[in-house]
Amino acid sequence: MKDATPSDAAYVPSALQDFLLSDEDRAFRTEVRGMLASALAPLADRIENQDDWSAVKQGIRAIGEAGYLKLMFADLYRGSLSRPGLTHATILSEEAAAINYAFETTIGSALSAAYPLHKHARPEVRERYLPGILDGSEIGAICVTEPDVGSDSAGMKTRIRYDGATDEWVIDGFKRYISNASVADTYIVYGITDDAAPAQKGMTALVVPKETPGISFPRRYTFVGRRGCVVGEVRFEGVRVPAANLLGDVNGGFRIMLGMFNFERIILSGAALGVARTAFQIATDHAQTRVTFGQKLGCKQLVWDMIAQMSSRIDAAELITYRAAKLYDAGLSGKDLAKPAAMAKLTSTETACFCADRTVQVLGGDGITKEYGRAEQLFRDSRAMPIVAGTSEMAKYLIAGADMPALKPNL
Ligand SMILES: Cc1cc2nc3c(=O)[nH]c(=O)nc-3n(C[C@H](O)[C@H](O)[C@H](O)COP(=O)(O)OP(=O)(O)OC[C@H]3O[C@@H](n4cnc5c(N)ncnc54)[C@H](O)[C@@H]3O)c2cc1C
């Protein structure tokens, strides 16, 4: 079997990325790459060829034990960085996705569950559920999407009511496309508490442990790519949790969700970069070795066009992704961060798809054949990226909406 996976030596960040990242950031990239090469790379075959969730879990546990799931929580982090933040979580995501996309999905879910627990949970709830997610021993899941509600998350049908007699919240609803659905330990569930108000003022977020009676997992989906990832349905039927499991304020869930989406999109942008750069390296390696018509493939002008387009788009995606991460670390949040985060997500995920597609084209038959390396895997794995965490179309609404604040987009 020919190995079309890029060599480690060739896989270096571009000059543009060096421009954005500090010496400490670059040293962290080296540190994290070394750790992931020994802890995650040996698991990648089991994930891709056996669809093995336990290998993904083993990788997440190693990342957690190394302290990397605490990068966004400076008060808990104990590693080498003087100022840890989203920049470093994005580097982690990029490097993990370059090895296998399944790792990034689980890192993203862990941080998206940890964020509201860290910021909005009551102290006793935080103490119970946060440490396990951050050390990688427990798995988190985010429950927003429903059969009738994806992009239009404000239209969700899941209902949450307060039962004063028992001092509990009661959840009834059906969520789909939930990453880690049946394998999670802790669920962050969004539902409507005030029917009379718009969702922006009537949505609430709760922490729900898996063992709670009334939770079931009717189906696991089969996807294009993303092997090893467990994504499925979660049903809540009269699920009761203590009043203290409330995150933030009653009817304050929409704001928590928007805050989560902002950084989740930036982390996903990092993963898209990891996929795009891996594809690019495979394409350039191939173009410099494969001979057609008596010459290296890379000598053909039509191939130069593909390489130049990939290269330019990757650098643009790097700039826009790490700018967004740096803005978050500088304190930008909420509406102010929505546009840069959406621009990063749109640019990077579309770049990942473009590069994976063009790499297949540069490789010809080798690109679409499992026997000849990872090009076909990257092609499959990249396709969900412009859909998850808000589609490209929704990202465009966020961007244009910020550019034309006086206009209400016709959704
Ligand atoms: C692999 C995977 C993992 C996921 N993990 C999670 C998870 O952990 N938790 C979770 O809650 N959700 C998760 N999701 C769901 C994901 O967030 C949704 O799929 C996404 O938000 C799109 O929603 P939808 O699939 O219902 O598509 P729809 O909202 O039905 O949209 C379909 C298409 O129409 C477009 N469209 C919709 N409305 C408009 C409009 N007004 N104008 C123009 N175009 C429009 C969309 O952009 C899209 O192209 C996951 C999805 C996938 C595929």
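Since every read-out is calculated from the coordinates, none of them should be taken as a lab result. Source: prediction; values computed, not measured. Here the Cβ is made from the backbone with ideal geometry for all residues, glycine too, and neighbour counts use every protein chain on show.
With the simple model of a label 7 Å out from the Cα in the direction of the Cβ, Ala74 to Thr369 spans 5.3 nm. Free of any trypsin sites (Lys or Arg not before Pro) that DSSP assigns to a loop and that have at most 16 other C-beta atoms within 10 Å, the longest stretch within the chain is 301-411. Applying a DSSP loop filter and a limit of 11 other Cβ atoms within 10 Å to the chymotrypsin sites (Phe, Trp or Tyr not before Pro) in segment 290-349 leaves Phe293. A quarter of the convex hull surface defined by the alpha-carbon atoms of segment 254-403 gives 9.4 nm² as the mean projection.
Helix 101-120 and the long axis of the chain differ in direction by around 30°, with both axes built from C-alpha atoms. Paramagnetic label reach from Lys210 (point 7 Å along Cα→Cβ; backbone nitrogen cut-off under 11 Å): within segment 159-193, residues 180-187. Straight-line reach from Lys57: which lysines fall under 19 Å, measuring Cα to Cα and dropping same-chain residues less than 8 apart? In chain and number order, the partners are Lys70, Lys210.
What the Cβ-Cβ distance of Ser82 and Ala41 gives, at R0 = 30 Å and to the nearest 0.05, is a FRET efficiency of 0.60.
Assign unit charges at the C-beta atoms only (+1 for Lys and Arg, -1 for Asp and Glu), then state the dipole size of the chain relative to its Cα centre in Debye, rounded to the nearest 20.
480 debye
Can you tell me which lysines have their Cα less than 25 Å from the Cα of Lys300? Leave out same-chain residues fewer than eight positions away. The reachable lysines, counting only those whose Cα sits under 25 Å from Lys300, are Lys2.
Full extension of the segment from Asp172 to Lys300, taken as 0.36 nm per residue of separation minus the current Cα-Cα distance, would add 40.1 nm.
Could you identify which residue out of Pro42, Pro123, Pro340 has the top mean-square fluctuation in a GNM of the chain using Cα springs shorter than 10 Å? Top of the fluctuation ranking is Pro123.
Given 0.36 nm per residue, what is the gain on full extension from Ala196 to Arg61 after removing their alpha carbon distance, in nm?
44.3 nm
Annotation: lysines with alpha-carbon distance below 17 angstrom to Lys335 (same-chain offsets under eight excluded): Lys201, Lys326, Lys345, Lys396, Lys408.
Helix 86-99 and the longest principal axis of the Cα set of the chain meet at an angle near 60°. Highest mobility in the GNM of the chain, judged by mean-square fluctuation with C-alpha springs under 10 Å and restricted to Val224, Val303, Val291, is found for Val291. Proximity of backbone amide H atoms, modeled 1.01 Å from N, is registered between Val239 and Ile171 at under 5 Å, excluding neighbours fewer than 5 places apart on the same chain. Couplings for segment 166-182, taken from phi via the Karplus curve 6.51 cos²θ - 1.76 cosθ + 1.60 with θ = phi - 60°, read 10, 6, 10, 9, 10, 10, 10, x, 9, 10, 9, 6, 9, 5, 6, 2, 8 Hz in order; Gly and Pro are left as x. In segment 15-134, the C-alpha radius of gyration followed by the widest Cα-Cα span (Dmax) gives 14.7, 46 angstrom. Sequence-ordered 3J(HN,Hα) estimates for segment 235-247 from the Karplus curve with 6.51, -1.76 and 1.60 and θ = phi - 60° stand at 9, 10, 10, x, 6, 10, 10, x, 3, 5, 7, 5, 9 Hz, glycine and proline given as x.
Seen against the Cα atoms of the chain and their longest principal axis, helix 392-403 is set at about 80 degrees.
Estimated from helical segments only, the mean residue ellipticity of the chain at 222 nm is -16500 deg cm²/dmol, where each DSSP H run of four or more residues counts as -39500 (n - 2.57).
Across the chain, the convex hull enclosing all Cα atoms gives 139 Å³ per residue.
Result for the chain in a Gaussian network model with C-alpha springs under 10 Å: among Thr186, Thr391, Thr369, the largest mean-square fluctuation is at Thr369.
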